[in-house]
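Structure first, commentary second.
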Amino acid sequence: MAVLSGKSKRVMKKVLFSFAILSVSVCLSAQTAMPDFSGLGYKKPVMYTSSKGEFEEFHDQTDVVEIGTVLFNTKTKAVVGFVSDEKTKTDVSSATTAMSVDPMCEKYYWISPYAYCGNNPVKFTDPTGEEISFTYEWEKDKNGNYVTNKDGGRNLIGITMNVTGKVINISDSKVNMDEAKNSISSQIESSFKGSVDGVKFSTNVNLSVANSMDDIAESDHVFALTDNIESPQEGTLQGISSSIGGKVEFIDVDYFTGPLDTSIGNVGQGTAAHEFGHLAGLEHSNGLMSKGAGGILWMTSTKINSSQLKTIYNTYRAGGLNQGPNWEYQRIMSPAAGRYINKRMPFRGAAGQYITY
Ligand SMILES: [Zn+2]
């Protein structure tokens, strides 16, 4: 996982860097000629990839793309620059840091009572920090020394899922964001808690409030409070997520503003926890992840059961979590500008469609 994370980070850095360069190129061209917005002037986004298809990269209405270390102008078909050595070195060092985690850690099988890993310290934290990651707790005796089992290993007694993300209000409603953040955090922590094969499973949620998309890092999980969520079928939904194992969920803002959250109860945070289940790799099944017509009101409980917790961890180990981008450009009418603009918004899922709710 650590290696994968490092790779993702490296790729995302590259993507970020591409955007930095593209932004510069847009600014420069804006000084010499106004972009063509005639007839709303929107050009279909052109797709390039510098991540071998691992991430979707939208380089909208831009001419210069980064291909490897080369900056290429797609209009003039000319090489216009190179990615600096300094940037290349930065990428390498970040990869090295990630890979320096003891590869023996791959031998962890937390469901084994004899999980063991060399001379590693008691806790292992994903060096990237800001994704769903896991830390481990090993049995100690009363003197604080690790208990050695008959295989010469330590006994795994606890596992903690760490979730770092941002709560953002993209609706027109006014919301007490600290309250929303706290209720979502505590619901997820109490729902995603239990025991698997005798190992204690707990969840530690670290959310903060984002005032704009600029506050959201590429690796953050995003909890977006939004106006009406239209169902891909018909009607509206209480919540939705970008994909199984994805990074973005949307919750109807009404649960955090009006009478609904007091008259019905913890529906808002319950919805947030349900959608987080999808981001944690869970399909619909039962308990918190049950689904009926109308969605969350049919939840049979707010609990994630033992086998679901196990699925989350196994999906994480298989590299199935922290998937995809968490933002995209959406074309919206800007009253201030008097025209359509492309605005950074939380990612809705492949092809701009919510797929899991
Ligand atoms: Zn669902």
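Rule-based calculations on the coordinates, nothing more; no lab input. All figures in this text were calculated on a predicted structure; none of them were measured in a lab. Every residue, glycine as well, gets a Cβ built from its backbone with ideal geometry; the counts of neighbours run over all protein chains shown.
Summary table
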read-out: Relative contact order (percent, whole number), segment 121-317, Cα cutoff 8 Å, 6+ residue spacing; value: 18 percent
read-out: Packing rank of 179-189, 199-209, 268-278, where each peptide gets the mean count of other beta carbons within 10 Å, highest leading; value: 268-278, 179-189, 199-209
read-out: Protection-proxy order for peptides 219-230, 135-146, each taking the mean of Cβ atoms within 10 Å per residue, highest first; value: 219-230, 135-146
read-out: Segment 156-259 - charge dipole about Cα centre, Lys and Arg +1 at Cβ, Asp and Glu -1, debye rounded to 20; value: 480 debye
read-out: Long-range HN-HN contacts of ASN204 with modeled amide H, under 5 Å; value: MET161, ASN162, VAL163
read-out: Whole-angstrom Cα spans of segment 121-317 along principal axes, big to small; value: 59, 36, 28
read-out: Under 5 Å, built H, 5+ apart or other chain: amide partners of GLU131; value: THR164
